[in-house]
Amino acid sequence: MTKHTVTLIPGDGIGPEITQAMARVVEATGVDIEWEVVEAGAKLMDTAGTPLPAGAFESIRKNKGAIKGPITTPKGSGFRSVNVVMRKDLDLYANVRPAVSFPGTKSRYENIDIITVRENTEGAYGSEGQTLSEDREHAQSLIRNSRRGCERIVRYAFELARKQRRHKVTAV
């Protein structure tokens, strides 16, 4: 069996607990995984000056993938969201979220089988010029979307629909 090396970023807060449980589940499948653990999070600000050291990106690129636990994003100031930094640096532009009903489960709706495809690096994730009024009642942010970003996410969604033989695509 081939051994797979995967970057594991435990994160902070509840991150280490979640990733530890996830690792046990993955290992129970019998897949031969070697975890290359890379630290990230608010605790590194004092020692590394960043919540996401360059070594994390090197490990992810070398191993061609990663599993990341939650990482704290301070509100209002501090450092940029690690999630946004990773998405932009690694160009992880397509956020694919399937939603499927499971037979025999009680839910509000039945027969759900949809996939949401969201652009993950522009728009709200690339906001600039963020301001907050003095009375803290109004926030403003400039959001930009590029033609390239819009075209590639639409192409991604349509190609995904085609591969899965879906008959309807809605782009918003």
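The values are calculated or read from the model by the stated rules, or taken from the named source; none is laboratory data. The structure displayed is predicted, hence computed values, not measured ones. Cβ sites come from the backbone with ideal geometry, for glycine too, and all protein chains shown count toward neighbours. Each accessible area value is taken on the protein alone, full model and side chains, heavy atoms only, with ligands, DNA and RNA left out. Shrake-Rupley method; radii C 1.70, N 1.55, O 1.52, S 1.80 Å.
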* Taking V85, is it hydrophobic (A, V, I, L, M, F, W, C) and open to solvent by 80 Å² or more (accessible area, probe 1.4 Å)? -> no
* Structure fact -> Per the filter on the range 124-169, residues within 30 Å of V100 (Cα to Cα), more than 22 Å from the chain's Cα centre (by Cα) and open to solvent by 70 Å² or more (accessible area, probe 1.4 Å) are R162, K163, Q164, R165, R166, H167, K168
* Asked: With respect to the numbered conditions (1) among the hydrophobic types (A, V, I, L, M, F, W, C); (2) over 26 Å from R61 (Cβ atoms); (3) not in a loop (DSSP other than H, G, I, E, B), which one is the sole condition not fulfilled by F102?
  -> (3)
* Count of residues meeting criterion [in a loop (DSSP other than H, G, I, E, B) and more than 19 Å from Q20 (Cα to Cα)] in the range 56-71 -> 1
* Within the set of pairs 6 or more residues apart or between chains, which connect a residue that is under 13 Å from Y125 (Cα atoms) inside the range 141-159 to a residue that is open to solvent by 100 Å² or more (accessible area, probe 1.4 Å) and not in a helix (DSSP H, G or I) with Cβ atoms less than 6 Å apart? -> S141/Q130
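Which is among the basic types (K, R) and crowded, with 17+ Cβ neighbours inside 10 Å, of K106, K68, K43, K64? Working first, answer last.
On the way: K106 fails: crowded, with 17+ Cβ neighbours inside 10 Å; K43 fails: crowded, with 17+ Cβ neighbours inside 10 Å; K64 fails: crowded, with 17+ Cβ neighbours inside 10 Å.
After applying the criteria, what remains is K68.
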* Asked: Looking at this structure, is P16 open to solvent by less than 30 Å² (accessible area, probe 1.4 Å) and not hydrophobic (A, V, I, L, M, F, W, C)?
  -> no
* Asked: Which one of the conditions (1) open to solvent by less than 40 Å² (accessible area, probe 1.4 Å); (2) among the β-branched types (V, I, T); (3) within 11 Å of the chain's Cα centre (by Cα) does V96 fail to meet, given that it meets all the rest?
  -> (1)
* Mind listing whichever residues of the range 41-55 are closer than 16 Å to L90 by Cα and part of a helix (DSSP H, G or I)? => A54, G55
* Structure fact -> Log entry, pairs with first residue in the range 60-74 being in contact (Cβ under 8 Å) with a residue 60 or more places away in the chain and within 14 Å of G41 (Cα to Cα), second being part of a helix (DSSP H, G or I) and not acidic (D, E), beta carbons closer than 6 Å, six or more apart or on different chains, reads G69/G15; G69/I18; G69/T19; I71/V82; T72/A42
* To do: Could you grab the pairs with beta carbons closer than 6 Å, sequence gap of 6+ or different chains, first residue in the range 1-21 and closer than 19 Å to A56 by Cα and assigned to a loop (DSSP other than H, G, I, E, B), second one of a type in the set (S, T, N, Q) and open to solvent by 30 Å² or more (accessible area, probe 1.4 Å)?
  => D12/T72; G13/T72
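Condition first: acidic (D, E) and in a loop (DSSP other than H, G, I, E, B). Now tell me which residues in the range 115-172 satisfy that.
The initial filter retains those residues of the range 115-172 that are acidic (D, E), namely 119, 122, 128, 134-135, 137, 151, 159.
The answer is E122, E134, D135, E137.
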* Among V31, V25, V37, which is the only one that is open to solvent by 50 Å² or more (accessible area, probe 1.4 Å) and without any contact (Cβ under 8 Å) to a residue 24 or more places away in the chain? -> V25
